[in-house]
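This report concerns only the one structure given below.
The values are calculated or read from the model by the stated rules, or taken from the named source; none is laboratory data. The model shown is predicted, which means the values in this text are computed figures rather than measured ones. Here the Cβ is made from the backbone with ideal geometry for all residues, glycine too, and neighbour counts use every protein chain on show. We work out accessible area using only protein heavy atoms, side chains counted, and drop any ligands, DNA or RNA first. Shrake-Rupley method; radii C 1.70, N 1.55, O 1.52, S 1.80 Å.
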Amino acid sequence: MWKTFLMSCIMMLSVSGVALAHFGMVIPSAGTVTDKKDADVTLDLSFTHPMEMQGMPLAKPKAVQVIANGKTEDLKPSLKAKKIVDHGGWTAQYAIKRPGVYQFVMEPQPYWEPAEDCYIVHYTKAYVAAFGEEEGWDEPAGLKTEIVPLTRPFGNYAGNVFQGQVLLNGKPVPGADVEVELYNKDKKYEAPNEYMVTQVVKADANGVFTYAVPFAGWWGFAALNTADEKLDHDGTPKNVELGAVLWAEFVDPVKK
């Protein structure tokens, strides 16, 4: 009887592990800007289980940048603490003044996760296209690991197919597992069961993955790899999970 109980607990923990995927999050107030009145973009930065809306504390990021029109700007000095999903997060304002594709990038401090006995570092990015410009959305940001979109990461309808290529140290990652979740901000949706919380797709031999987005919202794509280097935790070297995370907005058409 005790053996049966123990096996049941293990099974429950295994299913819970499927449900509780971590996501670094960079969520702009809009994925596109077409009017000057919307040009002041708010960025919310957090570390969350986005579908289930369970937050975790995010220490002040190591770096926050915006890349646009061939220039990189440091946004870290403008960060302000903000509670996001009931935990400590960060926010920043950025005024878009000219047409362009703006790539917002966050590199967090390593996060110690006791349940997985490792550190987690999610290199996270999101895009905002402004005033009709759409050149440069397929250019890498030069991060240690990242997802380079093969589908334009803005101006997409819900139901569109999204493709991206997983890079680690600038090279494609064959067969990478990519976790996908909705930012369920208003708790509008509830997964039918634990397996439906996090969708999983596998990249091909060139690190390219494909996912059909079922409904509107901000969707996160996270490709996970283990770093070659380890970090010390209480005198013991521990693995580091490197996450390449990309967020993209998908919208419904306007009904007349």
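Specify the residue with the greatest mean-square fluctuation among 115, 130, 92, computed from a Gaussian network of the chain linking alpha-carbon atoms under 10 Å apart.
115
Residues of the range 20-251: accessible area per residue at 1.4 Å, in Å²?
47 Å²
In whole percent, how big is the carbon plus sulfur part of the accessible area of the range 20-251, probe 1.4 Å, protein atoms only?
With neighbouring chains kept in place, the figure for the range 20-251 is 48 percent.
Would you please calculate the Kirkwood hydrodynamic radius of the range 170-256 over all C-alpha pairs and express it in Å, rounded to one decimal?
One over the average 1/r among Cα pairs gives 15.4 Å for the range 170-256.
Can you sort 22, 233 by 1.4 Å-probe accessible area, starting with the largest?
233, 22
Taking a 1.4 Å probe, which of 152, 98 shows the most accessible area, and what order do the others take after it?
98, 152
Beyond 18 Å between alpha-carbons counts as too far, so tell me which of 82/188; 36/71; 62/125; 202/238; 144/171 fall in that bin.
The pairs that break the limit, which is 18 Å between Cα atoms, are 82/188; 36/71; 202/238.
Rounded to the nearest 10 Å², what accessible area does residue 202 have for a 1.4 Å probe in the complete protein model?
Near enough 130 Å² of accessible area.
Put +1 on the Cβ of each Lys and Arg and -1 on the Cβ of each Asp and Glu in the range 20-251; which of 105, 39, 175 then has its Cα farthest toward the positive end of the dipole?
It is 39, whose Cα lies furthest towards the positive end.
Would you please give the residues with an amide H less than 5 Å from that of residue 145, counting only those at least 5 places away or on a separate chain, with H modeled from the backbone geometry?
Sorted by chain and number, the residues that satisfy this are 169.
Which whole-Hz ³J(HN,Hα) couplings does the range 77-91 yield from phi under the Karplus relation 6.51 cos²θ - 1.76 cosθ + 1.60, θ = phi - 60°, glycine and proline marked x?
So the Karplus estimates, Gly and Pro as x, are x, 8, 5, 10, 5, 8, 7, 10, 6, 6, 9, x, x, 9, 9 Hz.
If you average the alpha carbon positions of the range 42-102 and of the range 178-256, how far apart do those two centres end up, in angstrom?
For the range 42-102 versus the range 178-256, the Cα centre distance is 17 Å.
Once you have the Kirkwood Rh of the chain from its Cα pairs, apply Stokes-Einstein at 10 °C and 1.306 mPa s and quote D in µm²/s.
For the chosen part, D equals 84 µm²/s.
From the protein chains alone at 1.4 Å, what is the descending order of accessible area for 46, 78, 29, largest first?
Ranked list, largest accessible area first: 29, 78, 46.
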